[in-house]
Amino acid sequence: MSTKERIVEEALTLFSSRGYQGTSVKNIAEAVGIKDSSLYKHFKSKKEIFETIVEEMARRMEAMSHTFGLPDDTSMEEAAIAYGGITENELVELSKKVFLFYLQDPFAGRFRRMLTIEQYRDQEIAAVYRKIYMEDSIRYQTVLFGEMIRQGVFSGTDARAMAVNFYAPIFFLLNKYDGGDSNVEDGLEELERQVREFVRIYQK
């Protein structure tokens, strides 16, 4: 791991425990084992470190999508065909994989905790939190479900309400089971029930 990568890693660890506002450049440099002046050779400011963390998370989410074979948003017609062609059991297993990524991946977990902690103290970070964990997901699923309704895969008339109905329980479970003493298997069982109930309600 390069010095720049170590700075990002240590900064994310500190941001996810102390918060962005509660962490100084000096704290990050000490965690890495370098002087403040050496850190500034790699990043101009703490904000630039934060922006690099956000960019890295975006890359990791994209890589996760490719790994699990999730259709992207370049063609919603093709994405709807792909999702419409999988079985209920396959959808359950796919949902579990994505859920476990956001719950257990070390980088993704720290990233979400960082934004959760800081959203009430920094409007810019709050906007990043809402965009990644609320707006982008609902926007994508709204368009996807609308296309699936058009193709006759789903019944229903309100694609956005459907998106909220699908995503909200997952977001709730992600927060519920984000803890050292949480039983992940219980979370996966709850997730499976939610996905199967969604399919029962909306799939033709």
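The values are calculated or read from the model by the stated rules, or taken from the named source; none is laboratory data. Everything numeric here is computed off the predicted structure, so don't read it as measured data. Note that we place each Cβ from the backbone using ideal geometry, even for glycine, and neighbour counts take in every protein chain shown. What goes into the accessible areas is simple: the full protein's heavy atoms, side chains included, and nothing from ligands, DNA or RNA. Shrake-Rupley method; radii C 1.70, N 1.55, O 1.52, S 1.80 Å.
Assorted remarks:
- Selection status of Arg18, surrounded by 13 or more Cβ atoms within 10 Å (Cβ to Cβ), out of contact with any strand residue (DSSP E or B) (no Cβ under 8 Å at 6 or more places or on another chain) and within 16 Å of Arg112 (Cβ to Cβ): yes
- Residues of the stretch 26-37 that are open to solvent by 20 Å² or more (accessible area, probe 1.4 Å), part of a helix (DSSP H, G or I) and either under 20 Å from Ala108 (Cβ atoms) or modelled with pLDDT of 95 or more (or both): Lys26, Asn27, Glu30, Ala31.
- Subset of the stretch 98-111 [in contact (Cβ under 8 Å) with a residue 24 or more places away in the chain and either over 17 Å from Asn175 (Cβ atoms) or part of a loop (DSSP other than H, G, I, E, B) (or both)]: Asp105, Phe107
- Any hit, the stretch 76-97, residues being under 16 Å from Leu12 (Cα atoms), of a type in the set (Ser, Thr, Tyr) and assigned to a helix (DSSP H, G or I): no
- Note on the stretch 157-200: among residues that are among the aliphatic types (A, V, I, L, M) and free of Cβ contacts under 8 Å to residues at least 40 places away in the same chain, the one that is least open to solvent (accessible area, probe 1.4 Å) is Ala163.
- Where helices (runs of 4 or more DSSP H) fall wholly inside the stretch 134-204, the ranges with 1 or more residues that are more than 25 Å from Asp72 (Cβ to Cβ) are 159-176, 184-202.
- Test set (1) under 16 Å from Phe107 (Cα atoms); (2) open to solvent by 50 Å² or more (accessible area, probe 1.4 Å); (3) not in a helix (DSSP H, G or I) - Lys44 fails condition number: (1)
- The set of residues in the stretch 87-105 that are under 12 Å from the mean Cα position of the chain (by Cα), open to solvent by less than 90 Å² (accessible area, probe 1.4 Å) and of a type outside the set (Val, Ile, Thr) comprises Phe99, Leu100, Phe101, Tyr102, Leu103, Asp105.
- Tally of residues being within 16 Å of Gln141 (Cβ to Cβ) and not hydrophobic (A, V, I, L, M, F, W, C) across the stretch 61-73: 4
- The one condition in (1) open to solvent by 30 Å² or more (accessible area, probe 1.4 Å); (2) in contact (Cβ under 8 Å) with a residue 24 or more places away in the chain; (3) more than 19 Å from Thr13 (Cα to Cα); (4) not hydrophobic (A, V, I, L, M, F, W, C) that Gln141 fails to fulfil: (1)
- Pairs meeting the criteria (first residue in the stretch 112-129 and open to solvent by 30 Å² or more (accessible area, probe 1.4 Å), second residue modelled with pLDDT of 90 or more and small (Gly, Ala, Ser), beta carbons under 6 Å, at least 6 apart or on different chains) are Arg113/Ser16; Ile117/Gly19; Gln119/Ala126.
- Residue within the stretch 145-155 that is within 28 Å of Gln21 (Cβ to Cβ) and in contact (Cβ under 8 Å) with a residue 12 or more places away in the chain present: no
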